[in-house]
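In what follows, a single structure is set out as structure tokens and then discussed.
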Amino acid sequence: MIEQPADAIFNKRLTPQTFVLGLHAPAIARQAQPGQFVMLKVRAGTTPLLRRPFSICAVQDDLILLLYRLVGEGTQIMTEIKEGQKLPLLGPLGQGFTSPQKDQPAILVAGGVGIAPLIFLAAALDPAQYRFLAGFSTAAEITPLDQLGFPGPALALATDDGSAGYSGFVTGLLEKTLGQISSQTGLTIYACGPNAMLKKVQAIAGTFQASCEVSLESYMACGLGACQGCAVKTRPNQKQPYFHVCKDGPVFPAQTIDWTAL
């Protein structure tokens, strides 16, 4: 874990509500693993007081890329970050994905900006090894991966309104994709998105007897496990009654989470 001021190199709008922030943070970039996150203070001063968690979307040499969606005051401030602005940054934090072996197939399933940590994971895999499914509310919100420097294959898309790709939720596209695969032996599903989506993904994984890892999104005050504000309930067969997303995750085996409590 490293705390350092990071220089903003670029801050680009990708869709009407989605942006990518490029930060020069060489020490953090060297250590970052797919699935980990950083805690970013969106500007100097005390307003807002707390840092905010963001999954690492990509590492490009000494840069880390953060994908974010405009949803409130904090992210509105982020849209105004200028080139050369210094921002306090803490990371890399948390437990990342367990990479599959070279001969093991994988399916990556993203919902909205939950695509961020999966882009980082995909960049570490052989393109022939995985399928990448991504769901968005509408075609206008589809994240353009070429602007993130992602060299992998095209996404299989789902949109809630049917304006692009599969018409419906990405979980429906996942079921369709699994039904077309002759064998799921050794298959692992990696997913990030809203909790309702992840709950459905883990149920589908169980039906098809596939391993499943999920990256949970949670509000965090510290990112270190001290505030205990990001606790999630575990299944009764686990050694501890609660996980803390920042310290024990954000990536978890899907079967360890009590989805009825989310």
Inside the stretch 154-171, the number of residues satisfying the requirement of being surrounded by fewer than 16 Cβ atoms within 10 Å (Cβ to Cβ), modelled with pLDDT of 95 or more and within 20 Å of the chain's Cα centre (by Cα) is 1
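Looking at the stretch 1-87, what strands (runs of 3 or more DSSP E) fall wholly within it and have at least 2 residues that are among the aliphatic types (A, V, I, L, M) and surrounded by fewer than 19 Cβ atoms within 10 Å (Cβ to Cβ)? Write out each step before concluding.
Numbers: elements: 2-13, 18-24, 37-40, 52-60, 63-69.
Result: 2-13.
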Output yes when any residue across the stretch 184-207 is touching a residue at least 12 places away in the same chain (Cβ under 8 Å) and touching a Lys or Arg at 6+ places or on another chain (Cβ under 8 Å), and no when none is. no
State yes or no: is Pro241 more than 17 Å from the chain's Cα centre (by Cα), under 17 Å from Ile107 (Cα atoms) and of a type outside the set (Lys, Arg)?
-> no
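Within the group Thr188, Thr171, which residue is farther than 29 Å from Ala140 by Cα and β-branched (Val, Ile, Thr)?
Details: Thr171 fails: farther than 29 Å from Ala140 by Cα.
Thr188 is the lone residue from the list that is farther than 29 Å from Ala140 by Cα and β-branched (Val, Ile, Thr).
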- Query: What about Cys212, is it in contact with a His (Cβ under 6 Å, 6 or more places away or on another chain) and either under 30 Å from Arg51 (Cα atoms) or outside the structural domain of Thr138 (by TED's automatic domain parsing) (or both)?
  - Reply: no
With criteria (1) touching a residue at least 60 places away in the same chain (Cβ under 8 Å); (2) under 26 Å from Lys102 (Cβ atoms); (3) touching a helix residue (DSSP H, G or I) at 6+ places or on another chain (Cβ under 9 Å), Arg131 comes up short on (1)
Note on Phe37: of the conditions (1) within 18 Å of the chain's Cα centre (by Cα); (2) closer than 21 Å to Tyr130 by Cβ, unmet is (2)
Within the stretch 114-142, the count of residues that are in a loop (DSSP other than H, G, I, E, B) and farther than 21 Å from Gly249 by Cβ comes to 4
Listed by first then second residue, the pairs whose first member lies in the stretch 13-40 and is not assigned by TED's automatic domain parsing to the domain that holds Ala140, whose partner is in a helix (DSSP H, G or I) and charged (D, E, K, R), with beta carbons under 7 Å and at least 6 positions apart or on separate chains, are Thr15/Glu141; Gln17/Glu141; Thr18/Glu141
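So, Ile56, is that one farther than 22 Å from Leu224 by Cβ, at pLDDT 95 or above and outside the structural domain of His244 (by TED's automatic domain parsing) or not? Outline the logic, then answer.
On the way: farther than 22 Å from Leu224 by Cβ: no; at pLDDT 95 or above: yes; outside the structural domain of His244 (by TED's automatic domain parsing): yes.
It is false that Ile56 is farther than 22 Å from Leu224 by Cβ, at pLDDT 95 or above and outside the structural domain of His244 (by TED's automatic domain parsing).
The values are calculated or read from the model by the stated rules, or taken from the named source; none is laboratory data. For clarity, every value in this text was computed on a predicted model and none was experimentally measured. So basically every Cβ, Gly included, is an ideal-geometry build from the backbone, and we count neighbours across all protein chains shown.
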